[in-house]
Amino acid sequence: MNLRARFAQAAPAVDSCTLRLVDERSELLAVRNDVVEPTQERIDLGAMITVLHQGGMGYAATSDLSVSGLRAAADRAADWARRTAASGVFDHRLAPRATGRGEHRAPVQRPWEGVSLADKLDLLRAEVADMAGPDRADDRVVERTASLLRVRHHSELYSTDGGELVQELDLLAPDAQVIVHAGGVTQRRGTGSRGLSRQGGLEVLDQVGFRGLGTRLHDEAIQLLSAPDCPSGPMDLLLAPDQMMLQIHESIGHPLELDRILGDERNYAGTSFVTLDMFGRYQYGSELLDVTFDPGVPGELAAYAFDDEGAPARREWLIKGGLLLRPLGGGTSQARAGLPGVSNARACSWNRPPIDRMANLNVEPGPHSLEQLVAMVERGVFMETNASWSIDDSRNKFQFGCEWARLIVDGQLGPVVRNPNYRGISATFWRSLAGVGDRSTMQVMGTPYCGKGEPNQVIRVGHASPACLFRGVDVFGGHS
Amino acid sequence: MPASPAHARFLDLAQHVDRCLQPGEDHTLWLQGEESDFVRFNRGRVRQPGTVRQDELTVRLIQGQRHASVDLTLSGEPVEDRDRVEAAVLRLRARLGELPEDPHLLWATEGASFTRIADGAPPDGREIADLVLQEAARDGGVDLVGILVSGGMHTGFASSRGQRCWDQRHSWLLDWSLVHQGDKAVKSTVGGTDWQPELLRARMDQARATLPVLARPARRLQPGAYRAWLSPAALAEVMDLLSWGAFSHRSQEARNTPLLRLLTGEASLDPRLTLVEDVGQGLAPPFTADGFTRPAQVPLIDAGLLVGSLVSPRSSKEYGRPQNGAAADESPTSLSMAPGSLPDADVLRALGTGLYISNLWYLNYSDRAAGRMTGMTRFATTWVEDGEVVAPTEVMRFDETIFHLLGEGLVAIGAEATLLPGTSTYERRATTSARLPGVLVEGMRFTL
């Protein structure tokens with residue numbers, strides 16, 4: 001008996017019942033200092049049953065997918081729904097129902113299984129070896145790592161409202177890092193929180209330039225050892241896409257999440273400086289700022305066709321010409337707030353309920369090449385690759401650090417500086433946006449590590465961005 | 001003799017994997033399971049209530065110095081689960097032929113067996129949730145937001161050498177905030193192994209009593225250096241950040257620890273500072289995924305000096321140090337700091353004029369190698385003048401080194417150490433905890 005038939009037998013007599021199955025296979029291969037680390041495979045399989053009944057809502061997650069197992073979970077979910085129908089924060093009779101039907105399979109050009117384990121490990125070994133320097137014996141190098149995280153995600157959703165959805169997504173998250181130490185100074189150079197993660201197969205390695213990375217990371221890390229500290233003071237700041245990813249994520253993505261604005265996260269991830277009345281009125285950034293929610297960008301990490309409440313996903317403008325238009329809220333949050341949103345009700349797996357997540361959140365390209373952006377700066381810093389992130393619970397006061405930076409003087413890129421940091425306030429920072437890079441500066445980034453929710457969930461997000469220039473930012477370096 | 005149905009299923013699986021082995025093979029099994037109620041609240045009402053039942057088994061197959069493992073979700077149905085682990089063993093056996101020998105492999109080939117089963121039945125989340133709702137609605141109601149977590153958890157280890165370990169426990173934990181307005185809130189946690197309604201009522205009363213202070217006009221502080229009291233919960237955030245590499249033997253060898261300057265003697269910590277990985281007093285199982293028994297205590301910092309590190313089995317092989325019960329990430333699970341001499345009742349007087357920091361939030365490194373960190377104040381952080389709480393404060397960003405916070409700037413350590421159960425529920429409920437006092441610091445730097 002297939003899952004749909006078992007669900008039909010298990011579903012109780014309630015207003016609405018949904019089953020969401022997740023079958024996720026992952027594999028982590030890593031090499032550290034020329035030694036193959038223990039390989040890690042994972043097979044995660046289970047289902048969540050959600051019941052809406054008489055205005056209440058309840059869920060139960062189980063890894064027992066037999067009829068009796070699903071029935072026990074459905075009964076528990078129904079019990080929660082009945083018990084809390086009168087005490088819920090929201091009348092779930094107003095919640096959207098999963099009625100759509102469809103299938104989505106993300107394309108893969110070079111399947112993971114098409115290359116032997118030995119060849120994949122050799123690829124990692126080669127990059128790790130290159131991180132040891134040209135003669136592979138640089139004693140300033142203290143740790144070298146490279147890894148590949150591969151995930152195949154299969155989900156099915158069935159509802160008593162007629163919904164039937166199947167999705168299959170493949171993703172690859174490459175990562176590499178070298179740590180160097182000399183003269184009491186330690187520096188690291190890497191790819192930053194698996195920031196090169198994308199959907200697809202092994203073709204991702206070519207798309208992100210993984211081969212040859214080891215040599216570059218070594219070279220740049222060694223340069224950092226002898227570089228001066230980043231200067232301090234207000235100055236122009238040019239951010240590469242691998243730092244823009246973090247900037248977008250923390251100070252646009254999280255503040256626009258509708259469940260935060262509605263207060264759900266105030267005990268954990270925090271609230272938001274954005275309020276419901278700002279949409280359609282608030283100037284979030286300069287008129288150069290265009291931001292979209294776009295689950296349709298091929299290869300971007302959080303691309304999908306339906307969210308985990310079964311809503312079809314499509315591109316939406318969140319900010320246009322700097323004006324705040326729309327929050328990041330899924331169907332349930334939209335019904336609670338009375339605002340249009342996006343299809344972003346997502347769960348990290350079968351054992352956690354969907355909440356508002358940012359998925360693919362992108363800054364749209366502008367007119368300038370990287371050279372033109374640099375030429376617009378009299379005194380400033382160009383920073384790459386996030387190293388540190390901290391922001392207040394309203395997602396306003398932030399401080400971010402990067403691994404790599406170069407001074408910009410009189411429109412020219414200058415010397416490398418180390419320990420670059422900057423701080424600001426979201427509500428004003430984006431209004432200092434003075435230049436947006438064109439498509440030649442744009443990169444599709446992503447990370448599997450966005451934490452939020454009670455119970456906690458870590459989920460995948462994608463952020464595509466051009467290089468962006470900000471005026472008069474409070475920049476500083478490292479010291480004790 | 002199985003002590004529970006979950007234990008019986010685990011022993012059955014271990015025996016089944018024993019039978020699947022070929023000559024020259026070994027296995028280890030590591031099980032983490034729970035049946036948990038999660039009830040999420042917002043504005044004194046229920047946002048998302050639910051139950052999660054899950055068991056994840058790590059099956060590792062070993063041939064000499066070759067090994068490979070797979071994490072499997074178990075169904076709970078014995079025949080189905082035997083089939084899953086049998087298929088896993090076959091798959092792992094095929095994989096071992098493609099893998100090189102691992103020079104850093106170390107596992108407990110002569111480990112001791114262990115069984116611990118908590119008394120009584122797991123608390124029922126539905127009953128606790130009812131009381132939370134009643135308390136939130138009392139006296140006109142309060143804006144309560146947070147999560148209730150309750151139910152049973154179990155951890156098991158087994159190996160082909162006959163070792164069998166089992167730890168089964170249950171608990172409830174309410175992690176919640178009472179919100180006055182905006183980001184002005186009182187954050188609390190309360191819980192235990194057995195459901196105690198009077199304990200929840202008492203903590204709720206304490207939190208309610210703090211709310212009037214938050215109604216006062218908030219004080220906006222200018223950047224600068226301030227005298228500050230960090231509550232145990234605030235200090236726990238500092239320790240959480242430090243746990244990210246500070247005590248790891250691997251990080252220390254790679255010169256990547258935020259305590260690098262302590263390691264090299266360029267900086268020092270206060271001689272009153274003592275930190276221990278205190279598994280004996282913590283909530284984590286006393287055995288590891290590699291089958292080793294965890295020592296009751298591992299000294300890390302004694303009298304301000306770095307005296308130890310957390311050594312995983314891999315680091316043990318790589319660096320020639322004895323392993324000491326650390327997991328692969330070499331982070332503390334049960335960090336304990338020795339209390340000092342400042343009684344709770346004297347904290348405000350000793351603070352005099354400055355910041356009473358109830359909670360910190362979102363810490364990270366400004367300069368990791370220098371031990372310099374940044375983060376935000378959060379929740380009921382108040383301004384104190386002449387030993388009296390004056391007003392709540394707008395959130396402030398600090399940027400300070402650990403060598404100032406727990407070194408040259410340390411004025412006093414609280415006389416009471418508080419047990420702080422881990423509230424993390426990423427993937428599953430945490431078994432971590434910390435036992436910390438508060439600290440009084442002079443000249444803590446705030447930047448934004």
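None of the figures in this text is laboratory data; all of them are computed from the coordinates on show. These numbers were taken from a predicted model, which means no experiment stands behind them. FYI the Cβ positions are ideal-geometry reconstructions off the backbone, even for glycines, and counts take in every protein chain you see.
For segment A:165-251, trypsin sites (Lys or Arg not before Pro) are listed when DSSP marks them as loop and at most 16 other Cβ atoms sit within 10 Å of their Cβ; the list is A:ARG211.
For chain B, what does the helix formula give at 222 nm: sum of -39500 (n - 2.57) over DSSP H segments with n ≥ 4, over the residue count, nearest 500 deg cm²/dmol? Result for chain B, helices only: -6500 deg cm²/dmol. As a calculated quantity, the FRET efficiency between A:SER116 and B:ARG138 at R0 = 60 Å, using C-beta atoms, amounts to about 0.40. Modelled this way, with points 7 Å down the Cα-to-C-beta line, the labels at B:ASP205 and B:THR189 are 2.4 nm from one another. Rounded, prolate or oblate: which fits the protein assembly as shown when a ≥ b ≥ c are the square roots of the eigenvalues of the alpha-carbon gyration tensor, with rounded for a/c under 1.5 and prolate only if a/b beats b/c? In terms of gyration-tensor shape, rounded.
Rounded, prolate or oblate: pick one for chain A, where a ≥ b ≥ c are the square roots of the eigenvalues of its C-alpha gyration tensor, a/c under 1.5 means rounded, and failing that, prolate if a/b is larger than b/c, else oblate. Oblate, since a/c reaches 1.5 and b/c is not below a/b. Partner shielding of A:62-71 amounts to 4, given as the average count of beta-carbon atoms from other chains within 10 Å of each residue beta-carbon. Based on Cα contacts under 8 Å between residues 6+ apart, chain A shows a relative contact order of 16 percent.
Helix B:197-214: angle to the longest alpha-carbon principal axis of chain B, degrees 0 to 90, nearest 10? Around 40 degrees separate the two axes. Need one word for segment A:244-320: rounded, prolate or oblate. Basis is the Cα gyration tensor (sqrt eigenvalues a ≥ b ≥ c); a/c below 1.5 gives rounded, then a/b vs b/c decides. Oblate, because a/c is 1.5 or more while a/b does not exceed b/c. Distance from the Cα centroid of segment B:224-245 to that of segment A:251-328 is 32 Å (rounded to whole angstrom). I'd like the FRET efficiency for B:GLN15 and B:ASP119, computed as 1/(1 + (r/R0)^6) with the beta carbon distance as r and R0 of 25 Å, rounded to 0.05. Given R0 = 25 Å and the Cβ-Cβ separation, E is 0.40. In a DSSP loop and with at most 16 other Cβ atoms within 10 Å, the GluC sites (Glu not before Pro) in segment A:258-301 are A:GLU287. Taking the Cα atoms only, what angle lies between the long axis of helix B:232-242 and the longest principal axis of chain B, rounded to 10 degrees? Roughly 50 degrees, rounded to the nearest 10.
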